[in-house]
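The values are calculated or read from the model by the stated rules, or taken from the named source; none is laboratory data. Note that the coordinates shown come from a computational prediction; the quantities given were computed from them, not determined experimentally. As a convention, Cβ positions derive from the backbone with ideal geometry for all residues, glycine included, and neighbour counts pool all protein chains shown.
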Ligand SMILES: [Zn+2]
Ligand SMILES: [Zn+2]
């Protein structure tokens, strides 16, 4: 399914919910684009600053991977959420993430229409990432899948049965990378 163009939605939301403040001389003051396929741990983000090379960046990026098979309301809700961040940063010029200004604007947008609802967290199912590590208990041999290394985590079963429920270094998990056979 081809991705829907974001700019028309941006312009409409800007007119309807941001008093056209996110456009100056008919140009958006924040750029809006779809991500490549790699962004998969969030439905979207807003960023403003400099890239590692020093290049300035001010953009809203929506995850094609997360949103491509969801209804348009999911795209609108995500874009609108990120537009609130851009509006707080670029128009109000306040350092705030999901604070009182965010909540107030979200509430008034949600109350003013019923096509989509903005939430503080993007509540869309994320594509499942396979675990990358096995955490292995050196004491009982239990293997648990982990997405990231969690240092110092001990086997609960062994701590409970051998050490009266207290953390003990004898059952701190050791990690082994998961080899994917696919
Ligand atoms: Zn946010
Ligand atoms: Zn154990």
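Here is how the numbers come out for the structure above:
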item	result
For residue 81: the one exception among (1) at pLDDT below 95; (2) not in a loop (DSSP other than H, G, I, E, B)	(1)
Residue that is surrounded by the fewest Cβ atoms within 10 Å (Cβ to Cβ), among those in the range 1-47 that are closer than 20 Å to residue 74 by Cβ and without any contact (Cβ under 8 Å) to a residue 12 or more places away in the chain	2
Boolean, residue 82 is under 30 Å from residue 18 (Cα atoms), within 16 Å of ligand 1 (Cβ to nearest atom) and in contact (Cβ under 8 Å) with a residue 12 or more places away in the chain	yes
Single unsatisfied condition, residue 70 versus (1) at pLDDT 95 or above; (2) assigned to a loop (DSSP other than H, G, I, E, B); (3) within 18 Å of the chain's Cα centre (by Cα)	(1)
Pairs with Cβ under 7 Å, 6+ apart, first in the range 113-139 and without any contact (Cβ under 8 Å) to a residue 40 or more places away in the chain, second part of a loop (DSSP other than H, G, I, E, B)	120/98; 137/155; 137/173; 139/155
Any hit, the range 95-103, residues being loosely packed, with under 15 Cβ neighbours inside 10 Å, under 17 Å from the mean Cα position of the chain (by Cα) and in contact (Cβ under 8 Å) with a residue 12 or more places away in the chain	yes
Test: residue in the range 112-125 that is modelled with pLDDT under 85 and more than 30 Å from residue 85 (Cβ to Cβ)	no
Members of the range 1-20 found to be farther than 13 Å from residue 105 by Cβ, outside any loop (DSSP other than H, G, I, E, B) and out of contact with any strand residue (DSSP E or B) (no Cβ under 9 Å at 6 or more places or on another chain), listed by number	8, 12
Subset of the range 112-149 that is in a loop (DSSP other than H, G, I, E, B) and within 15 Å of ligand 2 (Cβ to nearest atom) - its residue that is surrounded by the most Cβ atoms within 10 Å (Cβ to Cβ)	137
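The rows are residues; the columns are (1) assigned by TED's automatic domain parsing to the domain that holds residue 49; (2) within 15 Å of ligand 2 (Cβ to nearest atom); (3) within 25 Å of residue 67 (Cβ to Cβ).
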{"position": "93", "(1), (2), (3)": "yes, no, no"}
{"position": "103", "(1), (2), (3)": "yes, no, yes"}
{"position": "153", "(1), (2), (3)": "no, yes, no"}
{"position": "166", "(1), (2), (3)": "no, yes, no"}
{"position": "170", "(1), (2), (3)": "no, yes, no"}
